[in-house]
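One structure is given here, and the rest of the page talks about it.
The values are calculated or read from the model by the stated rules, or taken from the named source; none is laboratory data. Please read these numbers as outputs of a predicted model, since none were measured by experiment. All Cβ positions, glycine included, derive from the backbone under ideal geometry; neighbour counts span all protein chains shown.
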Protein chains: 2
Amino acid sequence: MPRPPFPAPVLDMLRRPQPAVMAVSRADGSPVTAATWYVLDEDGDGAGRLLLNFEDGRKRLEHLRANPQVSLTVLGDSWYTHVTLLGSVAEWRDDVDLTDIDRLSRHYGGDPYPVRDRARVTALVEVDRWTAWGALGDAR
Amino acid sequence: MPRPPFPAPVLDMLRRPQPAVMAVSRADGSPVTAATWYVLDEDGDGAGRLLLNFEDGRKRLEHLRANPQVSLTVLGDSWYTHVTLLGSVAEWRDDVDLTDIDRLSRHYGGDPYPVRDRARVTALVEVDRWTAWGALGDAR
């Protein structure tokens, strides 16, 4: 599997608000998946970092704090075009003023995030390897 | 998290050819995701079983043989409606005459699977627990 940086066709797709599913591992080693918003964080030295955001207290967050390894599959516009990114959380931060979830919410839907009264946490995931299938498979 | 059988709105969605992403665990406990076809296998005593099919020799298949635990997230028609199914492989079978991949291919696209010269393997996954978000969240 290749490492970042991403070739242009993969980068183009990852910059769009595509449907995505992430997996984390539980303590017993079993995987747990969930649909998620993500955004490619290309500011500063963050090349290849994924920004994910969680409501504090979520079980998934607990799993990820215990084992920072993440797999994210981003679906393309046809069923077969998809990109999988493997990495681990490089940085945690409290999303004190909901800047990060608003960034995600605007990216996906255009509006700030409607729920304002719950603590949220941001994980910045360093991508170690990635792979692509379908129309992006040539980019491997 | 509830156990099967699924309530009607969840079952209705799972019966449709929705986009889905599965995760397996590698030997080091890290998760790996990939987009996948699935079909709900409701024949015989298979209530709650998911049928997945793999090209023989795939790394993912190797991981799944070593650790049969699977998580599958099925995406609904809006970004927030999704169902996650947790389970493990209850039965393996060689897809000798490609019956199973053809069933999946017809379910998703209407045609038999175009690649006929590679060995394939079917996993039947017993669903232990599931959870739903979004429009199906009430069904939890």
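The table below gives the values:
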{"item": "Subset of segment A:114-125 [under 22 Å from A:Arg49 (Cα atoms) and either of a type in the set (Lys, Arg) or at pLDDT below 95 (or both)]", "result": "A:Arg120"}
{"item": "Failed item, numbered, when A:Ser88 is tested on (1) of a type in the set (Gly, Ala, Ser); (2) within 12 Å of A:Leu52 (Cα to Cα); (3) over 13 Å from the mean Cα position of the chain (by Cα)", "result": "(3)"}
{"item": "Residue that is nearest to A:Val24 (Cα to Cα), among those in segment A:81-93 that are of a type in the set (Gly, Ala, Ser) and more than 9 Å from chain B (Cβ to nearest Cβ)", "result": "A:Gly87"}
{"item": "Unmet criterion (only one of (1) of a type in the set (D, E, K, R); (2) within 14 Å of chain A (Cβ to nearest Cβ); (3) within 23 Å of A:Lys59 (Cβ to Cβ)) for B:Arg3", "result": "(2)"}
{"item": "Lone unmet requirement of (1) at pLDDT below 95; (2) out of contact with any Leu (no Cβ under 8 Å at 6 or more places or on another chain); (3) not hydroxyl-bearing (Ser, Thr, Tyr) for A:Gly76", "result": "(2)"}
{"item": "Top-ranked residue in segment A:84-112 [being under 26 Å from B:Val21 (Cα atoms) and modelled with pLDDT under 95; ranked as surrounded by the fewest Cβ atoms within 10 Å (Cβ to Cβ)]", "result": "A:Gly110"}
{"item": "Any chance B:Ala34 is within 19 Å of A:Ala34 (Cα to Cα), modelled with pLDDT of 95 or more and not in a loop (DSSP other than H, G, I, E, B)", "result": "yes"}
{"item": "Filter result for B:Ser78 (within 12 Å of chain A (Cβ to nearest Cβ), over 10 Å from the mean Cα position of the chain (by Cα), part of a loop (DSSP other than H, G, I, E, B) and surrounded by fewer than 23 Cβ atoms within 10 Å (Cβ to Cβ))", "result": "yes"}
{"item": "Residue check, B:Arg118 more than 14 Å from every other protein chain (Cβ to nearest Cβ), of a type in the set (Lys, Arg) and farther than 29 Å from A:Thr36 by Cβ", "result": "yes"}
{"item": "Output for segment A:6-31, where each listed residue is part of a loop (DSSP other than H, G, I, E, B), more than 7 Å from chain B (Cβ to nearest Cβ) and either under 16 Å from the mean Cα position of the chain (by Cα) or among the aromatic types (Phe, Trp, Tyr) (or both)", "result": "A:Phe6, A:Arg16, A:Pro17, A:Gln18"}
